[in-house]
């Protein structure tokens, strides 16, 4: 399995798919598209980054948080694809929201944490469209939230 | 009609589909998907909640506003489906924006007002992916804005 | 070509499709849908509007910026459609984020800059669903960001 090999090469293990923090589900498939819920940087039951960039969290830590959101999205995708991420034919879109102080405008740098993960894991199929946007505040105080639209088979 | 029965059981009447506040349309169908415009908590021509949570609007009132956004989205969906909400086969995604004071992080609780409505009305088919995000300010001062992607037949 | 004629009638020339400012691509096609990346008001390599509305940028200038975002989205769509915008069968959705001061609630007026462009260029096929949302800050300090979902053939 190609994706499994890439994950291993990168020293990454998929986390357990996070449980939604409210009345919704982790992902929905319609036709060949899967929409994931917005993922926050949960790792082993706790957020790895909370509060706005840069006053509470620096850019590098925020990138790491965005990468964690991406990993959680992969876990959610794997779950809905019976564990087989090779059935992802394209990452279509990432929506990335970054908790931001007034005047912070480096949302793209933060969002790259998730985007580069997709390129590393899926190669050409990981090249996606993206909107990166600053937010005054995110669920549970998360520093980043990432949602994914993926094309699957 | 199942959905009609559920609405009646909940004592709910669909509002008239709100008129867009600007140069766009309430909903667009492409293939089996309908994208609604962002819905604000209009009821009988006026917003039922304006300003950020929690300084201007408490969480419970914001949940009620989110539910009203959801009702308006259902009205818009009904309109594009010739009045027949039984043609909704799945609520795919809710995008929920919550006008938030700095430090407010309970966007998921607010968004549940819309999410729980979808579960009540559509049952299993109402289980959706969701992104809940804080916003510094929403159209006309609305406390909440909800957009919906639905799969239809 | 109808769209080319409309562009000419409006005195508009499509800009070169902007290069993404980070690790993503300008647009992705999946089935009959194209998702563009979030477009900022770049013109000839520089942003034409930076900072929030209204303290840094007035509503009219922000509308012009939203229109520029729309033009950039059209350039991106043209690129993925071998230059032929007549293959756009419907503009499905605009996501419009407006950098906003606290208390600013005229995001719809700003977003109309992009929406009206779509109507002028595509006529009936340009009528779209839309979410307009205030943001505490956008990439590179942009005043507006617009992403597009389009149905194509």
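Quick note: the coordinates plus some simple rules give every number you see, no bench work behind them. If you're wondering where the values come from, they're calculated on a predicted model, not measured in any experiment. Quick reminder, even Gly has a Cβ in these numbers, built from the backbone with ideal geometry, and neighbours come from all protein chains shown.
A few points about this structure:
- Among beta bridges identified by DSSP and lying wholly in the protein assembly as shown, the antiparallel ones come to about 70 percent.
- Each copy carries a label point for residue B:15 at 7 Å from Cα along the beta-carbon vector; from one copy to the others these points are 3.7, 3.7 nm apart, nearest first.
- Take every Cα pair under 8 Å whose residues are at least 6 apart in sequence, average their separation, divide by the length of chain B, and the relative contact order is 34 percent.
- Cβ nearest the rotation axis (B onto C), residue from chain B and distance to the nearest whole Å: B:136, 3
- Fewest neighbouring Cβ atoms within 10 Å first, the residues A:43, C:115 line up as A:43, C:115.
- With neighbour counts taken as other beta-carbon atoms within 10 Å, the residues B:151, A:60 rank, fewest first, as A:60, B:151.
- Max mean-square fluctuation residue, GNM over chain B, Cα-Cα springs under 10 Å, options B:34, B:25, B:53: B:25
- Between 0 and 90°, nearest 10: helix A:59-80 axis offset from chain A longest Cα axis: 30 degrees
- Folded to 0 to 90 degrees: helix C:107-122 orientation relative to chain C principal axis, Cα: 20 degrees
- Each copy carries a label point for residue B:56 at 7 Å from Cα along the beta-carbon vector; from one copy to the others these points are 2.2, 2.2 nm apart, nearest first.
- Using the Cβ-Cβ distance between residue C:16 and residue A:79 with R0 = 35 Å, the FRET efficiency computed as 1/(1 + (r/R0)^6) comes to roughly 0.30.
- Antiparallel bridges, percent of DSSP beta bridges restricted to segment C:2-152 (to nearest 5): 70 percent
- Exam field: residue B:89 pseudo-label spacings to other copies (7 Å along Cα-Cβ), nanometres: 1.7, 1.7
- Separation in nanometres of the label points that stand 7 Å from Cα toward Cβ, at residue C:46 and residue B:120: 5.5 nm
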